[in-house]
Amino acid sequence: MAKAERGEPCRLCRSLELERAEGTRVVEERDGLVLLCPHASRSAYECLIAPLEHEEHAFPSRLLGPALELAAEALRRLAASEGPRPANLWLHEAGHWHLELLPRLSVIASLELGAGHYINTLAPEQAAERLRALP
């Protein structure tokens, strides 16, 4: 497991290790990447796409293109399940780079905006199961 800047183990490496061992929130693994619905998802069908091996920088990585293709695949599956929906996609490059895909299936309102607590009406395990079942 890679070490963070202060010598601590990489949190994302550890999280990916646990998610893959459990398997219930993993949608797909391919090309050295994993697509999963994170344990503490902010909304239904939130996805995380990350290299299986620790990589700090996305832009020089040979995995960035396949990661974006995997994000597009997640959006296609989501559209097959729920119809076309708006979504946000972020690239995080601090530490272990990864993509976060946040579909906008509901309106973020006072509790989310004011307190930072998100209401997710679909368990990530169910979201992953539905996404796995779609072509």
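No lab work stands behind these numbers, since they all come straight from the coordinates. This is a predicted model, so every value here is computed, not measured. Ideal geometry is used to build each Cβ from the backbone, glycine not excepted, and the neighbour counts take in all protein chains shown.
What are the trypsin sites (Lys or Arg not before Pro) within the stretch 1-105 that DSSP puts in a loop, where the Cβ has at most 13 other Cβ atoms within 10 Å?
Those satisfying the criteria are R6, R62, R104.
Can you list the DSSP H helices in the chain whose Cα atoms extend at least 30 Å along the helix axis and whose mean Kyte-Doolittle hydropathy is 1.6 or higher?
none
Could you give me the ³J(HN,Hα) list for the stretch 25-42, computed from phi with Karplus coefficients 6.51, -1.76, 1.60 and θ = phi - 60°, whole Hz, x at Gly and Pro?
9, 7, 8, 7, 10, 6, 6, x, 10, 10, 10, 9, 9, x, 3, 9, 4, 7
If you place +1 on the Cβ of every Lys and Arg, -1 on the Cβ of every Asp and Glu, and leave all else neutral, what size is the dipole of the chain about its Cα centre, to the nearest 20 Debye?
That gives the chain a dipole magnitude of about 280 debye.
Of (i) 1.10; (ii) 1.04; (iii) 1.41, which is the value of Cα Rg over 2.2 N^0.38 Å derived from the coordinates here?
Evaluating Cα Rg over 2.2 N^0.38 Å on these atoms matches (ii).
Of L68, L33, A58, which is farthest towards the positive pole of the stretch 11-133's charge dipole, taken about the Cα centre with +1 and -1 on the beta-carbons of Lys, Arg and Asp, Glu respectively?
Working it through, the farthest residue towards the positive pole turns out to be L68.
Taking K and R as +1 and D and E as -1, what net charge do the other residues with C-beta under 15 Å from the C-beta of P60 add up to?
In short, -3.
Take the chain, mark every one of the GluC sites (Glu not before Pro) that falls in a DSSP loop and has at most 12 other Cβ within 10 Å, then report the longest stretch left between them, sites excluded.
So the longest stretch without any such site is 54-135.
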